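Just below is one structure, and these are the notes that go with it.
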Amino acid sequence: MSPARLWGMQNFKKLRAWQLAADLAIDAYSLSRKLPRDERFDLIKQIRRSASSMPANVAEGRLRATDADFVRFLDHALGSSAELESHLYLAERLGYLLPTDTASIQPQIEILRRTISALIRSIHNAPSTHRPLQPAEGPSAHGPQLRESRAPSTARAQPLSRNRERSAIKAEG
């Protein structure tokens, strides 16, 4: 595996979007324990699947080679937040959860959505390089050194450089 990808694996946990999504998933799992056992293969499973999908998509997208791929996975995480909200609404309407239960998690969902949306905007607004960035010869103590390749410019999405990554992390916090 390339040094750039190894460095990225260590850093997805530093993304505020991932941290918020992981916290939300844990809280959604706790709420799902209040549902009756006969829902364990239906609504409980759907709540847990959509909840765990949010941090997983942020993490997986972070490891992708291009900004476009990262944004696509962030979009999936946003979709999973809507799916979770819908499942919790159904659980409340069915009488399995109290309105106070779902109200307690709603602000977390909104904060996560705003954070992911801000991250997507920062990726779209970051100055793009016209040439792909590639790892230099070996990683440094601070992660991989990136250099511009001599390859001609292409129309495809560009990899997330360290500077763009830092600006994305700052945009969230």
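The values are calculated or read from the model by the stated rules, or taken from the named source; none is laboratory data. Model, not experiment: these values are computed from the prediction. Please note: Cβ atoms are built from the backbone with ideal geometry, for glycine as well, and neighbour counts cover all protein chains shown.
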Would you mind telling me which numbered condition in (1) modelled with pLDDT of 95 or more; (2) of a type in the set (D, E, K, R); (3) over 30 Å from Asn11 (Cβ atoms) Arg113 fails? (3)
(1) modelled with pLDDT of 95 or more; (2) under 22 Å from the mean Cα position of the chain (by Cα) all hold for Gly8 apart from (1)
Does any residue in the stretch 46-69 that is crowded, with 17+ Cβ neighbours inside 10 Å come within less than 8 Å, Cβ to Cβ, of a residue that is of a type in the set (Asp, Glu) six or more places away or on a different chain, and which pairs are these? Gln46/Glu83; Ser50/Glu83; Ser53/Glu83; Gly61/Asp69
Ser53: of a type in the set (Ser, Thr, Tyr) and at pLDDT 95 or above, yes or no? yes
When the stretch 13-72 is examined, which residues are found to be basic (Lys, Arg) and part of a helix (DSSP H, G or I)? Lys13, Lys14, Arg16, Arg37, Lys45, Arg48, Arg49, Arg62, Arg72
Could you check the stretch 87-103 and list, in sequence order, the residues that are part of a helix (DSSP H, G or I) and either touching a helix residue (DSSP H, G or I) at 6+ places or on another chain (Cβ under 8 Å) or under 15 Å from Leu35 (Cα atoms) (or both)? His87, Leu88, Tyr89, Leu90, Ala91, Glu92, Arg93, Pro99, Thr100, Asp101, Thr102
Which residue out of Ser30, Ser2 is among the hydroxyl-bearing types (Ser, Thr, Tyr), more than 17 Å from Arg114 (Cα to Cα), modelled with pLDDT of 95 or more and surrounded by fewer than 18 Cβ atoms within 10 Å (Cβ to Cβ)? Ser30
